[in-house]
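Inspection log for the structure reproduced underneath, given as structure tokens.
The values are calculated or read from the model by the stated rules, or taken from the named source; none is laboratory data. What you see is a predicted model; the values in this text were computed from it and never measured. Neighbour counts are summed over all protein chains in view; Cβ atoms, including those assigned to glycine, are modelled from backbone coordinates with ideal geometry. Note: areas computed on protein heavy atoms with side chains; ligands, DNA, RNA excluded. Shrake-Rupley method; radii C 1.70, N 1.55, O 1.52, S 1.80 Å.
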Amino acid sequence: MRKLLLSLLLAVVCQYTIANQTFPQKGTFVSPTDKHILYTGRISFANPERPAWNFPGIQIITAFEGTSLRMMAKPKSGYFMAQIDNAEPFKVAFRGERDSVVTLATALPYGKHIVRLMYIIEGYEFYPEFWGFVLDKGCSLADAPALPSRKIEFIGNSITCGYGNEGLLKEEHFEYETENHYYSYASITARNLDAQHWVVARSGIGAYRNYDGPKEGTPKSCMTVQYEYTGYAYDSELRKNAGFDSEKWDFSRYQPDVVCINLGTNDLSTNNYSLKLLKQAYKNLLKMVRKNNPKAKIVFLTGSMLYNKELQETKQLLDEVTAEAHKAGDKEVYRFDMSPIAGDGWIGNDWHPNIYQDEKMAVELTAYLRSLMQWF
């Protein structure tokens, strides 16, 4: 049935099925397998007609002919930021039960245009999928712009995801509508440096202990487990499902020049933690990252939601892990501290950084990485 539907989609009037109903969509359908589409981020292509993911920051980039562009995705996939040519980026929502086609551009001057899409939330509840594009009748995709040669990987928690950074009140809690990875410190830093950035991040995750977890840790769902997989799963039991979150990541698909690790906030978030276990987890994660990225520089970060005793403890542990790595022969491990949040004007939802704090962190990290990597 699926093969038949995909064949029909290639017709001048493409059709697709949602909730057992068939809807016409005028135009030229372009499959996700089209060679002109560039993808970045941890995406599963187990079903190449339905690329799937659930970490934030994945990108879909291409060029298209004509005057309009529509995007197809699984209903309730979540939120994207879209940019057409050099215009201001805008938010795109796939949130309704039937939202499967969204218009990205219309009434453009006829010709070649570029579209850049970024997934801007955590998709672990939605399991988003990209289903293709619809162009003007008779039009096709064209060669996409080349991806930047510089490559960064960010490993982190809610701060890296962009949790609550579009929120206005620290007393308000998590909503997908106020999470925007496009405006996270990680994404801004990458744009500042003209670099690709791939993300392994999830709110609440720790190096050894997720938010408010037991003192002995959460070994089934902490970063030392999640890092090896294409997608995030709550625990090892979920990996028994047929979903892509059971798919081991192929590290040869992306070899970053530098890996930035920003963890520890959740490990120390409530007064029920073990510094000994946290330090061992940092060392285990470093070993894992180094094994899979043998030529990368690795930077341990702090910032921006730890203060006082917890901040000093984290800095000391990371300094120790870095020094011990140097002593063991790995000289390409580094440390950098971004500024803690310094007042209400810098706070989004649930006391997280807002977009102004993200910009501040990005300025600091951009300068550091530019010097470290000699990216001038």
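For the reader, a short list of remarks on this structure follows.
- Among HIS197, HIS326, HIS352, the largest mean-square fluctuation in a Gaussian network model of the chain (Cα springs under 10 Å) belongs to HIS326.
- Comparing mean-square fluctuations of ARG98, ARG191, ARG209 from a GNM of the chain with C-alpha springs under 10 Å, the top value falls on ARG98.
- Entry comment: accessible area of the chain is 43 Å² per residue, from protein heavy atoms only and a probe of 1.4 Å.
- The chain: most fluctuating residue of ALA328, ALA362, ALA63 per GNM, C-alpha cutoff 10 Å: ALA328
- The simple spin-label model puts a point 7 Å past each Cα toward its Cβ; for ARG253 and ASN47 those points are separated by 1.6 nm.
- The distance between label points at MET288 and ALA342 comes to 3.5 nm (points 7 Å beyond Cα on the Cα→Cβ vector).
- Proximal charge balance of ASN86 [Cβ under 14 Å; K/R count +1, D/E count -1]: +1
- Using a Förster distance of 35 Å, the FRET efficiency for LEU277-GLU171 (Cβ separation, nearest 0.05): 0.65
- Of all DSSP-defined beta bridges confined to the chain, some 70% are antiparallel rather than parallel.
- 5 angstrom amide H check on ALA142, placed H, neighbours 5+ away: ALA63, PHE64, GLU65
- Pairwise Cα inverse-distance average, inverted: Kirkwood Rh of segment 198-349 (Å): 16.2 Å
- Computed over the chain, relative contact order equals 16 percent, with contacts defined as Cα pairs under 8 Å that lie 6+ residues apart.
- Percent of Cα pairs exceeding the 27 Å cut-off, where the set is the chain: 48 percent
- The relative contact order of segment 229-376, computed from alpha carbon pairs under 8 Å that lie at least 6 residues apart in sequence, is 18 percent.
- FRET efficiency estimate (nearest 0.05) - Cβ-Cβ, ASN192 to ALA93, R0 25 angstrom: 0.40
- Per-pair calculated FRET efficiency, R0 = 30 Å: SER140 and LYS220 via Cβ, rounded to 0.05: 0.05
- Global form of segment 150-225, assessed from the alpha-carbon gyration tensor, a/c cut-off 1.5: oblate
- Electrostatic bookkeeping for TRP198 treats Lys and Arg as +1 and Asp and Glu as -1; over the other residues with beta carbon under 10 Å from its beta carbon, the sum is +2.
- Surface composition of the chain: carbon and sulfur atoms hold 53% of the protein heavy-atom accessible area at a 1.4 Å probe.
- D_trans [Stokes-Einstein, Kirkwood Rh over alpha-carbon pairs] for segment 93-226, 37 °C, 0.692 mPa s, µm² s⁻¹: 185 µm²/s
- Of LYS295/LYS327; LYS248/LYS315; LYS276/LYS315, pairs whose Cα-Cα distance is over 22 Å: LYS248/LYS315
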